[in-house]
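Some notes on the structure that comes next.
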Amino acid sequence: MRLLELTISGFRALDSIALPLCDDFGAPRPLTVLAGPNGSGKTSILFAIVQTLRGLLRYQTARVPLPDDLDVRRTRADLLAARPDEALCHLTLQFDADEVSAIRELWDLSADQHRDNEQQAIRNVPDLPNGRVQITWGYPPERTPVGVRPSWWARDISPRGAHPWLWGYGLLIRLWTRGRLVEPRRYFQAVGGLRFYGQHRDLASEVQPPDDADDGQITTERSVNSADLSLREVLLSVDRRPVSGGGSAAPDSPTIAELITSKFNQVCAPRRYIGVRYPGGGPVGHPYLEHNDRTYPLHYASAGEQVVLDHLARLSYPSPLGNGIVLMDEPDLHLHPTWLRRWFQLLPEIGGDNQYIVTTQSPVLRELAVRDNILFDLGELG
């Protein structure tokens, strides 16, 4: 799944903006960098994408609050109005032939789990001759004769009735967690979803699990959603898990932890991630890092080390993403310029064939984006 184009009006810091996400040949860019000063609308663009897709893709994240009246852009004259005007976002998604085929298979594999309205929607779903679906979202939500629609409700989808094409990733996760996929890796490489990474302003709460979950055990309820898991819990979970995501794997298949370790060490050298260790042979494991002759646990790692591990780990477990849309809000906040350059070079290899939209204020990242012709400049301070 690829995001081809995006227009936003009246949302948060944005008056009106059109964001092309394709190169000069019309192909979607794998990486787009949005650069601009504070208040220029970088985060607003990412939030608008999440608000438009969260309901249709059934994507849950606490890092992007549900919209309210304050998210509608107002001028000073508008402040006296009883209700705000409206915020609108219109975007176009592209599904390639492999993804379309994989989603059809997922419909069939999950047929016995569909509700009646879902079965009817799938039976009547239109074909996608050009692979495209256009979606319009707006706030405040529409009023109907039976009440007000939810804030995440899409106002329009074209072609009409195309909703089931957007259910693919949710069905994939459901079937995978229930052990009903023979080749999960093939589906994860084909079917796209959405992932949002915030600015990591409260890293301590994201790295360590809650006090009552600090015994090395992860409940089924908490393991379903990666947003509910701390980074430590994710790293513990992937310690010996094959990349295939379940089922049998070839004897020489790398584990998720091995891939995380390799990529982390490329970005953060000379510091190294060495995996989960069990101090004193005890039952509770902890992720450990290493620098020179010092070995230290995850919660003593620097913010930059924790952010890089977070990016790598959460694209792998518990909801792997290999052909989706990944939104990253100022990942450079915690990274040394040398690490940032390495991270930028490695990003296309992280998580398979994802499309990345990254915001930044960093001159380093701006320079790299200009060099690769992937910069969307939101202006200078003033």
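What number of residues within segment 178-190 are surrounded by fewer than 18 Cβ atoms within 10 Å (Cβ to Cβ), more than 20 Å from GLU349 (Cα to Cα) and touching a Gly at 6+ places or on another chain (Cβ under 9 Å)? Steps first, please.
Quick first cut of segment 178-190, residues surrounded by fewer than 18 Cβ atoms within 10 Å (Cβ to Cβ) only: 178-180, 182-183, 186, 189.
Applying the additional criterion that residues be more than 20 Å from GLU349 (Cα to Cα) yields 178-180, 182-183.
Pick out the ones that are also touching a Gly at 6+ places or on another chain (Cβ under 9 Å) and you get 179, 182-183.
The total comes to 3.
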**OP:** Select from segment 83-97 the residues that are over 22 Å from GLY193 (Cα atoms) and not in a strand (DSSP E or B) and write down the one among them that is modelled with the highest pLDDT.
**Re:** GLU86
Original post:
Do you know which residues across segment 124-155 are closer than 21 Å to GLU5 by Cβ, at pLDDT 90 or above and over 21 Å from the mean Cα position of the chain (by Cα)?
Top reply: PRO126, LEU128, ASN130, GLY131, GLY138, TYR139, ARG155
Subject >> Which listed residue is in a loop (DSSP other than H, G, I, E, B) and assigned by TED's automatic domain parsing to the domain that holds GLU367, from SER40, SER16, SER44, SER9 >> reply: SER40
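Is it the case that ASN292 is among the polar types (S, T, N, Q), out of contact with any Lys or Arg (no Cβ under 8 Å at 6 or more places or on another chain) and either free of Cβ contacts under 8 Å to residues at least 12 places away in the same chain or surrounded by fewer than 14 Cβ atoms within 10 Å (Cβ to Cβ) (or both)?
On the way: among the polar types (S, T, N, Q): yes; out of contact with any Lys or Arg (no Cβ under 8 Å at 6 or more places or on another chain): yes; either free of Cβ contacts under 8 Å to residues at least 12 places away in the same chain or surrounded by fewer than 14 Cβ atoms within 10 Å (Cβ to Cβ) (or both): yes.
Against the criterion (among the polar types (S, T, N, Q), out of contact with any Lys or Arg (no Cβ under 8 Å at 6 or more places or on another chain) and either free of Cβ contacts under 8 Å to residues at least 12 places away in the same chain or surrounded by fewer than 14 Cβ atoms within 10 Å (Cβ to Cβ) (or both)), ASN292 qualifies.
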**OP:** Would you please list the contacts, defined by Cβ atoms under 9 Å and residues six or more apart or on different chains, that run from a residue in segment 59-71 that is on the phi < 0 side of the Ramachandran plot to a residue that is of a type in the set (Val, Ile, Thr) and in a helix (DSSP H, G or I)?
**Re:** TYR59/VAL50; THR61/VAL50; ARG63/VAL50; VAL64/VAL50
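Matching residues to (1) more than 18 Å from GLY138 (Cβ to Cβ); (2) at pLDDT below 95; (3) buried (at least 19 other Cβ atoms within 10 Å of the Cβ); (4) of a type in the set (S, T, N, Q):
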| position | (1), (2), (3), (4) |
| --- | --- |
| PHE25 | yes, yes, no, no |
| PRO37 | yes, yes, no, no |
| SER44 | no, no, yes, yes |
| ALA48 | no, no, yes, no |
| LEU53 | no, no, yes, no |
| ALA62 | yes, yes, no, no |
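In segment 320-341, which residues are over 12 Å from VAL267 (Cα atoms) and assigned to a helix (DSSP H, G or I)? It would help to see each step written out before you state the result.
Taking segment 320-341 as the starting set, the residues that turn out to be over 12 Å from VAL267 (Cα atoms) are 320-334.
Once the filter is applied, which keeps residues that are over 12 Å from VAL267 (Cα atoms) and assigned to a helix (DSSP H, G or I), segment 320-341 yields PRO331, ASP332, LEU333, HIS334.
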**OP:** Considering only residues that are more than 28 Å from ARG174 (Cα to Cα), of a type in the set (Phe, Trp, Tyr) and not in a helix (DSSP H, G or I), look in segment 262-319 and name the one that is modelled with the lowest pLDDT.
**Re:** TYR278
Subject >> Residues satisfying the stated conditions in segment 335-382, i.e. closer than 30 Å to ARG186 by Cβ and among the polar types (S, T, N, Q) >> reply: GLN345, ASN354, GLN355
**OP:** Kindly check whether there is at least one residue in segment 309-331 that is in contact (Cβ under 8 Å) with a residue 24 or more places away in the chain and surrounded by fewer than 19 Cβ atoms within 10 Å (Cβ to Cβ).
**Re:** no
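Residues that are more than 21 Å from the chain's Cα centre (by Cα), more than 16 Å from GLY304 (Cα to Cα) and part of a helix (DSSP H, G or I): does segment 342-356 have at least one?
Pass one, segment 342-356, residues more than 21 Å from the chain's Cα centre (by Cα): none.
Taking every residue of segment 342-356 in turn, none turns out to be more than 21 Å from the chain's Cα centre (by Cα), more than 16 Å from GLY304 (Cα to Cα) and part of a helix (DSSP H, G or I).
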Original post:
Within segment 270-289, how many residues are of a type in the set (Gly, Ala, Ser) and exposed (fewer than 12 other Cβ atoms within 10 Å of the Cβ)?
Top reply: 3
Subject >> Candidates ASP372, ASP329, ASP310, ASP377, filtered to the one that is in contact with a helix residue (DSSP H, G or I) (Cβ under 6 Å, 6 or more places away or on another chain), assigned by TED's automatic domain parsing to the domain that holds GLN60 and at negative phi >> reply: ASP329
**OP:** Please verify whether segment 66-80 includes one or more residues that are within 21 Å of the chain's Cα centre (by Cα), at pLDDT 90 or above, in the same structural domain as GLY161 (by TED's automatic domain parsing) and not in a helix (DSSP H, G or I).
**Re:** yes
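The values are calculated or read from the model by the stated rules, or taken from the named source; none is laboratory data. Model, not experiment: these values are computed from the prediction. Positions of Cβ are generated from backbone atoms using ideal geometry, with glycine treated the same way; all protein chains shown enter the neighbour counts.
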